[in-house]
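Reviewing the structure listed below.
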Amino acid sequence: MLVIRSAFRGSTRPFSASSSLLFTVAYSSSSSCPSAAAVHAGRTIGEGPRNDWSRDEIKTIYDSPVLDLLFHGAQVHRHAHNFREVQQCTLLSIKTGGCSEDCSYCPQSSRYSTGLKAQKLMTKDDVLQAAQKAKEAGSTRFCMGAAWRDTIGRKTNFNQILEYVKEIREMGMEVCCTLGMLEKQQALELKNAGLTAYNHNLDTSREYYPNIITTRTYDERLKTLEYVRDAGINVCSGGIIGLGEAEEDRVGLLHTLATLPTHPESVPINALIAVTGTPLQDQKPVEIWEMIRMIATARIVMPKAMVRLSAGRVRFSMPEQALCFLAGANSIFTGEKLLTTPNNDFNADQLMFKMLGLIPKAPSFGDDDAKNDAADHCEEAISSSG
Ligand code: SF4
């Protein structure tokens, strides 16, 4: 134990070879047959983020004994982040329903009868009021979602959203949008307006993807991520489990994300909320151990990303969520709804932060802020780790 604490004492950033050595020694003394999670977590801690993961490597991590995977996800998490800090994001649907796409999990697609009423883009006053309320409730990131395939031909609406981005950014919040596919020019305009991050999930593996969506391709999704990255906006991209995919597809999703030229800054891990009327309405709920496998594997292969425990959190108890935070999740959505599906109660989240000793992560608007922030909290995190 003493050795492990020593290894982490000087190890927040950058990753150092000496800490890797100590980590390995500490680990080796406790087992003669290290799991892939142990081996790769040690390498991640020693060498820092990698983009050359093979799919087999990620699969062996994912398949490690779950408690070992959780433990090593936690080790990487504590090395790369202040483990007590959890980012609170609020996601608001600013334009609901009536979407032309056929994403099989989505109640907002106009192709499915889910009883959801399509609405127009929310007004500026309503959006800013919601952002203010989210800020007062402790959120540091405000995400705006619109149910569109893309924003081409929506110049008026797009310009309105640029205004919303500017104003919310001026409120001192990070701002994120999820508006469907983007063109290069639109990504640049969003960047100029002050957008912090753009969300565009890959949803699942390339192989399983055509079972879920047919109206846009995997490569189109990757292109949007490229435009976002090139514009200097942080990338938020993850996926959903519980779509009927195999575990191999979950590994495939993580492999695609972990081998992007730069890892996404945020990786949301969603558990399907099966909505009546969608083609996936009868899917069985995701179990907590499936979430833990995804979160811990994501943490080991993308150590610096904010791994977000996203949709489906509402179904997990506080102890189950605690395991997710231990495995490496460090971001959640707060607020009454996640676009159109229910989310955790505000008071229950406040109580959870208190019970688990979590602290809200401050907003960060650039690499320098992030580094300073991490340095400020490093000693506190280490000293409270026991
Ligand atoms: S997930 Fe997005 S793009 Fe797909 S149907 Fe729903 S709103 Fe449309």
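Only the coordinates and a few stated rules stand behind these numbers; no lab work does. Keep in mind that what you see is a predicted model, and the values were worked out from it rather than measured. Don't worry about glycine lacking a Cβ; one is built from the backbone with ideal geometry, like all the others, and counts go over all protein chains shown.
Straight-line reach from Lys223: which lysines fall under 24 Å, measuring Cα to Cα and dropping same-chain residues less than 8 apart?
Lys95, Lys155, Lys184, Lys191, Lys304
Quick one: net charge of Ile295's neighbours, Cβ under 12 Å, K/R +1, D/E -1? Present the calculation step by step, with values, prior to reporting the outcome.
Numbers: positive: Arg250, Arg293, Arg299, Arg308, Arg313; negative: Glu290, Glu320.
So the environment of Ile295 carries a net charge of +3.
What are the ³J(HN,Hα) values, in whole Hz, obtained from phi via the Karplus relation 6.51 cos²θ - 1.76 cosθ + 1.60 with θ = phi - 60°, for each residue of segment 58-63 in sequence order, with x given for Gly and Pro?
Result, rounded to whole Hz: 5, 5, 5, 5, 4, 8.
Quick one: which residues, 5 or more positions from Val86 or on another chain, have an amide H under 5 Å from its amide H? H modelled 1.01 Å from N in the peptide plane, none for Pro or chain starts.
The answer is Ile359, Lys361.
Skipping prolines and chain starts, which residues have an amide H placed within reach, meaning under 5 Å, of the one on Ile241, given they are 5 or more residues away or on another chain?
HN-HN under 5 Å from Ile241: Asn270, Ala271, Leu272.
Which of Asp282, Asp349 has the fewest other C-beta atoms within 10 Å, and how do the rest follow up to the most? Intermediate results must be reported in sequence, preceding the final value.
Values: Asp282 9, Asp349 23.
Ascending Cβ contact count within 10 Å gives the list Asp282, Asp349.
Read phi for every residue in segment 153-166 and hand back ³J(HN,Hα) as whole Hz from Karplus 6.51 cos²θ - 1.76 cosθ + 1.60, θ = phi - 60°, with x for Gly and Pro.
Once θ is set to phi - 60°, the couplings for segment 153-166 become x, 10, 4, 4, 4, 4, 4, 5, 5, 4, 4, 4, 4, 4 Hz.
Is segment 175-265 best put as rounded, prolate or oblate by its Cα gyration tensor, with a ≥ b ≥ c the root eigenvalues, rounded for a/c under 1.5, and otherwise prolate when a/b is larger than b/c, oblate when not? Mind showing how you got there, number by number?
Working: a/c = 2.32, a/b = 1.88, b/c = 1.24.
Here segment 175-265 falls in the prolate category.
Tally Lys/Arg at +1 and Asp/Glu at -1 over every other residue whose Cβ is under 14 Å from the Cβ of Met318; what's the total?
Numbers: positive: Arg313, Arg315, Lys354; negative: Glu320, Asp345, Asp349.
Combined, the nearby Lys, Arg, Asp and Glu give 0.
Does segment 66-178 classify as rounded, prolate or oblate by the C-alpha gyration tensor (a ≥ b ≥ c root eigenvalues; a/c under 1.5 gives rounded; else a/b over b/c gives prolate, otherwise oblate)? Mind showing how you got there, number by number?
Working: a/c = 2.54, a/b = 1.42, b/c = 1.79.
In terms of gyration-tensor shape, oblate.
Reachable aspartates and glutamates from Lys284, Cα under 16 Å, same-chain residues fewer than 8 places away excluded?
Glu245, Glu247
What is the fewest-to-most order of Thr259, Thr90 by other Cβ atoms lying within 10 Å of their Cβ? Walk me through the numbers on the way to the answer.
On the way: Thr259 16, Thr90 26.
Fewest to most other Cβ atoms nearby, the residues stand as Thr259, Thr90.
Setting aside same-chain residues fewer than 8 positions from Lys117, which aspartates and glutamates have a Cα under 19 Å from its Cα?
Hits, sequence-local ones excluded: Glu101, Asp102, Asp126, Glu336.
Check Ser93: other-chain or 5+ apart residues with amide H under 5 Å from its amide H, H built from backbone geometry?
Correct list: Gly145, Leu339.
Give me a comma-separated list of calculated 3J(HN,Hα) values for segment 243-259, in order, Karplus coefficients 6.51, -1.76, 1.60 applied at θ = phi - 60°, integers in Hz, x for any Gly or Pro.
Residue by residue, segment 243-259 yields 8, x, 6, 7, 4, 4, 6, 5, 5, x, 4, 5, 5, 4, 5, 6, 10 Hz.
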